Structure formats: structure tokens, C-alpha cells
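Beneath this line is the structure, given in C-alpha cells, with notes to follow.
The values are calculated or read from the model by the stated rules, or taken from the named source; none is laboratory data. The shown structure was predicted, so the numbers you read here are calculated from the model rather than taken from an experiment. For neighbour counting, all protein chains shown are included, and Cβ atoms are generated from backbone atoms with ideal geometry for every residue, glycine included. What goes into the accessible areas is simple: the full protein's heavy atoms, side chains included, and nothing from ligands, DNA or RNA. Shrake-Rupley method; radii C 1.70, N 1.55, O 1.52, S 1.80 Å.
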Amino acid sequence: MGLISFLKSKFHKKDNQTEKYNQGLEKSRKNFSNKLQNLTMKYKSVNQEYFEELEEILIESDVGVNLALQIIEDVLEESKKEKISDPQRINEILVDKMFVGYASKGDIQNELTFLEGTPTVLLVVGVNGVGKTTTIAKLASRYKKQGKKTLLVAADTFRAGATEQLTVWAERLGVDIITGPSEADPASVAYDGVRKARLENYDFVIVDTAGRLQTKANLMAELSKIKRVIGKEIEEAPQETFLIIDATTGQNGVMQAKAFAEVTNLTGVVITKMDGTSKGGIILAIRDELGVPVRFIGLGEKLDDLEEFDLDKYLYGLCVGE
Ligand SMILES: Nc1nc2c(ncn2[C@@H]2O[C@H](COP(=O)(O)OP(=O)(O)O)[C@@H](O)[C@H]2O)c(=O)[nH]1
Ligand SMILES: [Mg+2]
């Protein structure tokens, strides 16, 4: 059984476990799956042009050129081996290969892990405007609901209003926050936060950063200083470093991801604003370029519009939906 049929039987219409994904991925689905359907209707049997058009559809969905070429090659190989020329079935193989493209890149791990007695420190990085602060609020809300004693740390002391924005979220969520004076050294605020977390037995600490990407050397210096001071308080911290990428920035987002991956050891990526793009293939591109798992995706501006990344739900939302 191909993946599409499997997903259709896995996600029954009645239960709403894919509702968020289906809604958030609506634009992407309209783009991707309509194009696939049109292509299927245009050709009775597949040929060279069919595969060229298929490759174009993948690239237009921001899957990335390298991965698109690879997926097409895999589909071609299997279709030859199995002697399949029906476009409908070729498209099913395509989705199988998209799955493999993601899954073969390593770990699939999403939820954070918490250990008794040591706070889990999450460092959040990414350029201005991608949705860092919003994602931090969403994560704080999620884990607070799970009973985790959560502390926010406003180490973005660079952008005017950033500390205030995080403070407003902290108040709304009813979680604690550590701030510093404006233009304070981000590392010193981070240090104060992690120290408080250790002394007062917090479970979860989320550190907001400015993520300035003027030069790689600067960024590297700033992030490694923050990491160093955090590590002084809690040896294994930060246990997690998430890069936030705005899906609507397309291949530019992929470039940012590569730049950050070069200067810091990322443990996950969060892709925001999936609801605002028609090019949902960016998840596959990021995974292909970085090998880092996509841990969560943002599907809207509201607090509960953050979902744990699930490859099955994602591919279902992109290709089938409702
Ligand atoms: N539609 C949509 N908007 C989002 C999402 N995540 C963040 N935003 C919006 O993106 C804008 C910038 O977010 P912010 O958290 O301030 O970005 P930061 O500069 O990286 O901290 C805000 O208007 C957010 O509401 C998302 O998943 N979907
Ligand atoms: Mg911010």
C-alpha cells in the first residue's frame, strides 16, 4: 500500500486530529495538490515531459532544487522497475519518496525531554521578525499546561520593545520572566535567568535572543558567549537550541538556516507562518539542507497554533486534506 492510501485510512474524516494541519496547510495544498491533479489529467501515460513538469511542481513548492532532483530520480527508478506509467500511481510514488526524503535524514524527535532536578534550557535563535517571541509564548503555554514550571528570559536586549513584548506574554500566560535593562549584554541576562532557574527549581527555561545576522563572526561570538555563561550554571545547558524560520521567506529562509547551522549546534527547527505560504515544501528543503529535525510548526498567530511536527499529518495536509 502506498503512503497516500495508508494516510487516508489512518486519518479518518470523522476524527479531527488533522484539522489544524489541514487548515494551516490549505494554501500549500491548493498550490501543490491542484498542480499534481492537473498534471495527472494532462497525461494519459507518463513520459519525459511529465517528469520535468513534476520536478517543476516540487521546486515551485520550495522543496529545494537538490531534493527535487533526487526525489524525481527515485520516482523514475521505481516507476521503471515496477513498470508503472499511470500518472496517478506515479504521484503516489512521489509522496512515498517525499516521506523518505525527510525520514532518511536522521532523527524524528519532537517533544522536549525533562529531567528531574535539572531545568531544560531552550535557546531560541533566528533573525528578526520570523516569529521567535510568538513561538516562545506558544511553547511556554504548551508546557505550562503540562505542568512545567516555566521561566522566560528576555535576552533580546537589542531590539526596542522586545523585552516588553515578552513581558506582556509572560503576564498573559502567568509565567515568570527575567529581563535586563535595554542594551544590556544578552549573555548576562541569560546567565541571570538560568541561575534563577537552577536555584528555584524551574523545569523549563526559554531564552529569547536577538539573532542578529550582520556577520557570521559576530553572531557566532554572541551565541557562543550566551552558551558559555549558561553552561557555567548548568553544565548540560542549553540542552536545546531551536532555529526559527519563517516559511513565507522561502529559499531565503533556507539560506538563513544554513548560516545559523554553521555557527551553532542546532537541535531543532521551528517553521512558522505555514498558514501564510503556498509553498509548504520548505519543510523538506530545510530538513534536506540541515539534517536537523523540524520539531514544531506554526500554523497561525494564536497561542494554540503551534503543532508538534508530524510527517504523516504534514504530507496528508499537503496532498489530501479535506
Ligand atoms: N500567520 C502567522 N503569523 C505568525 C506565526 N508566528 C508568528 N507570527 C507573526 O509574526 C510576527 C513577528 O513575530 P515575532 O514573534 O515578534 O518575531 P521575532 O522578531 O522573531 O520575535 C507577529 O506579527 C506574529 O504574530 C504563525 O505561525 N502564523
Ligand atoms: Mg522577538
Enter the angle in degrees (range 0 to 90, nearest 10) between the Cα long axis of helix 250-263 and the first principal axis of the Cα atoms of the chain, meaning the one along which they spread out most. 50
Obtain the nm distance between the two label points defined at R89 and E171 by a simple spin-label model: each point lies 7 Å from its Cα along the Cα-to-C-beta direction. 6.4
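To the nearest 500 deg cm²/dmol, what mean residue ellipticity at 222 nm is calculated for the chain from DSSP H runs of n ≥ 4 alone, each contributing -39,500 (n - 2.57), summed and divided by the residues? Walk me through the numbers on the way to the answer.
Numbers: 13 runs with 168 residues, N = 322.
Mean residue ellipticity, 222 nm, calculated: -16500 deg cm²/dmol.
What does the accessible area per residue of the chain come to in Å², with a 1.4 Å probe and no ligands, DNA or RNA counted? Please report the intermediate quantities before stating the final value.
Numbers: 14620 Å² over 322 residues.
I get 45 Å² per residue for the chain.
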Can you find, among A221, V194, Q251, the residue sitting farthest towards the positive end of the charge dipole of the chain, where Lys and Arg contribute +1 and Asp and Glu -1 at Cβ? V194
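At 1.4 Å probe size, with the rest of the protein present, what percent of the exposed accessible area of segment 37-84 is carbon and sulfur atoms? Could the numbers behind the result be given before it?
Numbers: 1390 of 2990 Å².
Of all accessible area on segment 37-84, carbon and sulfur atoms account for 47 percent.
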N201 versus E49: modelled label distance in nm, points set 7 Å from Cα along the beta carbon direction: 7.1
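Taking 4 °C and 1.567 mPa s as the conditions, I'd like the Stokes-Einstein D for the chain in µm²/s, using the Kirkwood hydrodynamic radius from alpha carbon pairs.
Values: Rh = 20.6 Å.
Rounded, D is 63 µm²/s.
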Looking only at V175, V194, V254, which one moves most when the chain is put into a Gaussian network model with springs between Cα atoms under 10 Å? V175
Just name one of N22, I71, F51: the one whose Cα is farthest towards the positive end of the charge dipole of segment 22-103 (beta-carbon charges, Lys/Arg +1, Asp/Glu -1). N22
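Could you work out what % of the accessible surface of segment 120-319 is carbon and sulfur, using a 1.4 angstrom probe and leaving DNA, RNA and ligands out of the count? Show your work: numbers first, answer last.
Working: 3430 of 7470 Å².
Answer for segment 120-319: carbon and sulfur cover 46 percent of the accessible area.
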Set the Förster radius R0 to 30 Å, insert the Cβ-Cβ distance between R159 and K258 as r into 1/(1 + (r/R0)^6), and round the FRET efficiency to 0.05. 0.80
If I take every Cα pair under 8 Å that is 6 or more residues apart in segment 120-319, average their sequence separation and divide by the length, what percent do I get for the relative contact order? 24
Apply the Karplus curve 6.51 cos²θ - 1.76 cosθ + 1.60, θ = phi - 60°, to the phi angles in segment 166-181 and return the couplings in whole Hz, x for Gly and Pro. 5, 5, 4, 4, 4, 5, 4, 7, x, 10, 7, 9, 10, 10, x, x
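Give the dimensionless ratio obtained when the Cα radius of gyration of segment 22-103 is divided by 2.2 N^0.38 Å. Before the final figure, lay out the partial values.
Values: Rg = 12.2 Å, N = 82, 2.2 N^0.38 = 11.7 Å.
Taking the Cα Rg and dividing by 2.2 N^0.38 Å, one obtains 1.04.
Evaluate E = 1/(1 + (r/R0)^6) for N128 and K149, where r is the Cβ-Cβ distance and R0 equals 35 Å; express this FRET efficiency to the nearest 0.05. All intermediate terms of the calculation are to be shown ahead of the outcome.
Working: r = 30 Å, r/R0 = 0.84.
Efficiency for this residue pair is about 0.75.
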Amide N of segment 216-259 lying under 13 Å from the label point, which is placed 7 angstrom from the Cα of N265 along Cα→Cβ: 224, 227-228, 231, 235-241
What's the ranking of 200-210, 97-107 by average number of surrounding C-beta atoms within 10 Å, highest first? 200-210, 97-107
Using DSSP, restrict attention to beta bridges with both residues in the chain and report what percent are antiparallel, rounded to the nearest 5. 15
Students often get this wrong: which residues of segment 281-322 have the backbone nitrogen under 15 Å from the point 7 angstrom along Cα-to-C-beta of L69? 289
How long is the gain from E322 to S224 if the chain were fully straight, where each residue apart is worth 0.36 nm and the alpha carbon distance is subtracted? 30.7 nm
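How charged is the neighbourhood of D86? Take every other residue with its Cβ under 10 Å from the Cβ of D86, and add Lys/Arg as +1 and Asp/Glu as -1. Intermediate values should be presented prior to the final figure.
Details: positive: K44, R89; negative: E92.
It works out to a net charge of +1.
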Cross-link reach from K273 to lysines, straight Cα distance under 20 Å and at least 8 residues apart if same chain, gives K20, K27, K30, K132, K138, K258, K302, K313
Cα centroid of segment 213-287 to Cα centroid of segment 1-78, whole Å: 27
0 to 90° range, to nearest 10: angle between helix 26-42 axis and the chain longest Cα axis: 20
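Using the Kirkwood formula over every pair of different C-alpha atoms, what hydrodynamic radius in Å results for segment 207-269? Let's see the in-between values first.
Working: mean 1/r = 0.0804 Å⁻¹.
Kirkwood radius, segment 207-269: 12.4 Å.
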In degrees, nearest 10, the alpha-carbon axis of helix 186-199 is tilted away from the dominant principal axis of the alpha carbons of the chain by 80
